1. Within the range 91-122, how many residues turn out to be outside any strand (DSSP E or B), open to solvent by 50 Å² or more (accessible area, probe 1.4 Å) and more than 30 Å from Val22 (Cβ to Cβ)?
2. Does the range 77-96 hold any residues that are of a type in the set (A, V, I, L, M, F, W, C) and either closer than 16 Å to Gly50 by Cα or more than 15 Å from the chain's Cα centre (by Cα) (or both), and which are they?
3. I'm trying to understand the selection: among the residues of the range 124-169, which are small (Gly, Ala, Ser) and in contact with a Gly (Cβ under 9 Å, 6 or more places away or on another chain)?
4. Hey, can you tell me all the residues within the range 146-159 that are modelled with pLDDT of 95 or more and more than 25 Å from Gly78 (Cα to Cα)?
5. With the requirement that a residue be in contact with a Leu (Cβ under 7 Å, 6 or more places away or on another chain), exposed (fewer than 14 other Cβ atoms within 10 Å of the Cβ) and among the aliphatic types (A, V, I, L, M), what does the range 123-175 give you?
6. How many residues are in contact with a strand residue (DSSP E or B) (Cβ under 7 Å, 6 or more places away or on another chain) and under 26 Å from Ala9 (Cβ atoms) when one looks only at the range 85-115?
Amino acid sequence: MTTTAANIAFDAASHTYTFEGVVLPSVTQMLSETGLVDSSYHTFEAAERGTTVHQLCTADDLGHLEDFIRYDQDDLAGYLEGWRRFKNEMKPTFLGIEEVVYSDRFRYAGTLDRLATINGVLWLIDIKAGVPARWHAIQTMLYRMCLEAAKPVQRGCVYLGEGGRYKLARHEDEYEDYRIASAVIALTHWRRKP
């Protein structure tokens, strides 16, 4: 039997993915456990802002913004404005929003932010409320490796900022990013062995 993301249970409170009772490493955990993400620079406030911005963008994309209680606060309004500018200018057609993905081959899971087509090109997009970091390309490659897409997938991050700014940054070094992502997977599984 081929395991699909539909067979994966996700517990949002503990950020845990399981398959048949077995806990799977997540993309976020693998990046942290292998040292690619330096959490010493991350504050609680920044993490909270990033989570809230993701929820805000998702609520907007799904047409449930009225249910979102914090969207009108000044500190978040600019991020939503930037996301809307991105959508208005780039005109993505979303194929997946906050979609759980899983690699049967490599045995890990994650939640990719957006899968979309833009000008006929398939894109895997991660939404960021912070500044660019080198590990972001590895993160999108790890999500890419979960997809069984026959055609090429362009990877990138949309960086949102205060004042309605956004920047779409492409991740184009397929060879290097794949090599590093493969090493992250191997090291994570090696370290987790009993």
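1. Total meeting the criteria: 3.
2. Step one: of the range 77-96, the residues of a type in the set (A, V, I, L, M, F, W, C) are 77, 80, 83, 86, 90, 94-95.
Answer for the range 77-96, where residues must be of a type in the set (A, V, I, L, M, F, W, C) and either closer than 16 Å to Gly50 by Cα or more than 15 Å from the chain's Cα centre (by Cα) (or both): Ala77, Leu80, Trp83, Phe86, Met90.
3. The first filter runs over the range 124-169 and keeps only residues small (Gly, Ala, Ser), leaving 129-130, 133, 137, 149-150, 156, 161, 163-164, 169.
Scanning the range 124-169 gives Ala129, Gly130, Ala137, Gly161, Gly163, Gly164, Ala169.
4. Matches in the range 146-159: Gln154 only.
5. Ala149
6. Selection size over the range 85-115: 18.
The values are calculated or read from the model by the stated rules, or taken from the named source; none is laboratory data. No experiment lies behind these values; they were computed from the predicted model shown. Cβ atoms come from the backbone with ideal geometry, glycine included; neighbour counts cover every protein chain shown. Side chains included, ligands, DNA and RNA excluded: accessible areas come from the protein's heavy atoms. Shrake-Rupley method; radii C 1.70, N 1.55, O 1.52, S 1.80 Å.
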